[in-house]
1. For ASN304 and ASP125, compute 0.36 nm times the residue count separating them, minus their Cα-Cα distance, and round to one decimal in nm.
2. Return a whole-number percent for the relative contact order of region 204-338, with Cα pairs under 8 Å and 6 or more residues apart as the contact set.
3. The list (i) 26, 54, 18, 2; (ii) 32, 59, 9; (iii) 28, 43, 24, 5, 0 gives values of P(r) over Cα pairs in 20 Å bins from 0, in percent, and only one came from this structure; which label was calculated from it?
4. Against the longest principal axis of the chain, how steep is helix 315-328, in degrees 0 to 90 to the nearest 10, with axes from Cα atoms?
5. Express the relative contact order of the chain as a whole percentage, based on alpha carbon pairs under 8 Å and six or more residues apart in sequence.
6. If you take the beta carbon distance between GLU259 and ASP195 as r and set R0 to 35 Å, what does 1/(1 + (r/R0)^6) give as a FRET efficiency, to the nearest 0.05?
7. Starting from the 7 Å offset along Cα-to-Cβ, what nm value, one decimal, do you get for the label separation of THR294 and ALA137?
8. Nearest 0.05, what FRET efficiency do GLN244 and GLU55 give at R0 = 30 Å with Cβ-Cβ as r?
Amino acid sequence: MLRAVLRATDSGPQRDALTLVKSVYHPTDAASLPACTVDLPALESLDLSHCTELETLPCSIGNLTMLTLLDLTNCNSLMHLPASIGNLTALESLSLRGCDKISRLPDTIGALASLETLTVSCCSDMAILPACLGDLAALTWLSISMCGTLTALPDSICNLMHLRMLTLEELPIETLPQSIGRLTALQVLEVERCDAFRSLPDSIGGLQSLAHLTITDTEALVALPDTLCSLSALITLELSRCTQLTALPNRVGDMQALEYIDLEDCELLAALPDSMGNLQLLKRLYIVNCHQLTELPRALLQLNRLTRIDAEGCQDVVTATAEALAAVNLAIEAVSNR
């Protein structure tokens with residue numbers, strides 16, 4: 001712990017040892033950082049997680065130019081980040097999970113040229129994210145969740161050319177930035193429990209590296225854009241509990257890499273497109289509690305790699321497909337129950 005390090009090195013020749021300290025875990029009951037913390041020129045990791053009494057960070061924190069990790073998880077008394085945080089040009093990971101008194105990020109955060117992972121979670125007063133987020137050229141992982149007043153994402157995030165994973169959870173957003181398709185390196189996109197989420201922009205089809213798309217637990221999403229079917233690298237499509245979704249795009253069969261489709265509890269989904277019979281790599285299909293479905297496309301049942309259809313709660317589908325399954329002699333497990 002930091003206190004032990006400082007007692008051993010704050011006087012005499014041992015003070016030189018401060019220049020060798022690379023990792024600090026701070027006592028959780030402290031209301032501020034000891035001034036000597038910022039006199040650790042070699043410091044690479046500063047863990048302030050669960051420091052629930054910590055109210056401020058000193059401006060001099062910007063002197064820690066070797067810092068690669070700053071963890072502020074559950075610093076729920078912390079009011080703001082100092083502008084000098086932009087001086088941490090070696091910082092690779094920043095966690096603001098549970099910093100519920102921080103209402104905005106400083107504009108200087110865009111200067112974090114090495115930042116690869118950013119977590120903003122449970123910041124209940126954060127109503128807007130700065131446009132300078134789009135300047136984080138090295139960012140590969142962005143997670144934003146449970147920020148109850150954040151109604152939109154800045155368009156500038158579409159400038160994050162190295163972003164590979166974007167997770168959005170429990171936010172009052174209605175859609176994604178119109179230029180989201182510019183994120184050509186994005187591999188995983190998750191939109192979960194965003195009750196107001198009602199649409200994907202047409203540019204979604206530009207995400208040519210996207211392998212996993214999850215949109216779950218929304219009552220506002222009624223339809224998906226046809227451009228979704230241009231996602232040629234998509235392996236997993238999860239749309240569970242999109243309770244107002246009435247149809248899939250007709251060209252869904254164009255997504256030739258699809259292996260897994262989850263439509264559980266899409267209660268208004270009345271039919272599946274015939275083009276799903278073109279999904280030669282499809283292995284599993286979940287249609288649990290899709291009560292409006294009465295049958296499956298015949299060609300779907302002839303897919304050689306399809307090994308499981310979960311259709312619990314879809315008795316009409318089970319009845320209608322029983323004869324077809326026997327006719328094509330497919331090894332499909334648990335058609336009616338998991």
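Each value in this text was obtained by applying a stated rule to the coordinates, not by laboratory testing. In this text the structure is predicted, and so the values were computed from the model without any measurement. Heads up, the Cβs are rebuilt from the backbone with ideal geometry, glycines too, and the neighbour counts pull from every protein chain shown.
1. Gain on stretching ASN304 to ASP125: 59.3 nm.
2. Result for region 204-338 is 17 percent.
3. (iii)
4. So the inclination is approximately 70 degrees.
5. RCO, the chain: 7 percent.
6. 0.75
7. Once both label points are built, they end up 5.9 nm from each other.
8. Rounded to the nearest 0.05, the efficiency is 0.10.
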